[in-house]
1. For Lys98, go through the aspartates and glutamates and keep the ones whose alpha-carbon is under 19 Å away, minus same-chain ones fewer than eight residues off.
2. Using a cut-off of 14 Å between beta-carbons, work out the net charge of the residues near Ser50 (Lys and Arg +1, Asp and Glu -1, Ser50 not included).
3. How far, in nm, would the chain grow between Arg14 and Glu39 when pulled straight, counting 0.36 nm per residue and subtracting the alpha carbon separation?
4. So, taking all protein chains as they sit and a 1.4 Å probe, how much accessible area belongs to Phe23, in Å² rounded to tens?
5. Give a quick list of GluC sites (Glu not before Pro) in the stretch 6-59 that DSSP marks as loop, anything other than H, G, I, E or B, with at most 16 other Cβ atoms within 10 Å.
6. Taking 0.36 nm per intervening residue step and subtracting the Cα-Cα distance, what contour gain separates Ser50 from Thr7 on full extension?
7. In terms of Cα to Cα distance under 26 Å, which lysines are near enough to Lys32, apart from those fewer than 8 places away along the same chain?
8. Once a ≥ b ≥ c are taken as the square roots of the eigenvalues of the Cα gyration tensor of the stretch 1-71, is the result rounded (a/c under 1.5), prolate (a/b larger than b/c) or oblate (a/b not larger than b/c)?
Amino acid sequence: MLSRPLTIVQALERVKSYLALPFVRVAIGEGKTLDSEVETVACCAGSGSSVLHNCEVDVYLSGEMSHHDVLHATSHGRTVMLCEHSNSERGYLVHLQKKLSLLLPQVEFMVSQSDADPLVVM
């Protein structure tokens, strides 16, 4: 649950900013608009269909979902935001690096600066 509600468009802009992405694919939930309020979000990096399937929230945030899973979610009033598979994982790597460094201070953990999603929009 969010500490204070956002609109769908505000949540979308935060996701894009945090992940440094120029776009995020969005499917608006049935009966919703970009100005609809978001109070709850379920997030799964990578491919989230099986994890998010029964979560009763306003927004699903994941890397990818099948066409039919998106249709199912939106038919139940949930908005789906998809960042692409590796983009959804990449944003957490810096945090994971810090956590691992605390647990294993004798090991140097590095996050690639050249890694990128293999799929591009043309």
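The values are calculated or read from the model by the stated rules, or taken from the named source; none is laboratory data. Bear in mind the structure is a predicted one, so any value in this text is a computation, not a measurement. So basically every Cβ, Gly included, is an ideal-geometry build from the backbone, and we count neighbours across all protein chains shown. What goes into the accessible areas is simple: the full protein's heavy atoms, side chains included, and nothing from ligands, DNA or RNA. Shrake-Rupley method; radii C 1.70, N 1.55, O 1.52, S 1.80 Å.
1. Filter leaves Glu89, Glu108, Asp115.
2. -2
3. Full extension from Arg14 to Glu39 adds 7.6 nm.
4. Counting only protein heavy atoms, the figure is 90 Å².
5. Glu30, Glu39, Glu56
6. Using 0.36 nm per residue and subtracting the Cα-Cα distance, I get 12.9 nm.
7. Lys16
8. Since a/c stays below 1.5, the shape of the stretch 1-71 is classed as rounded.
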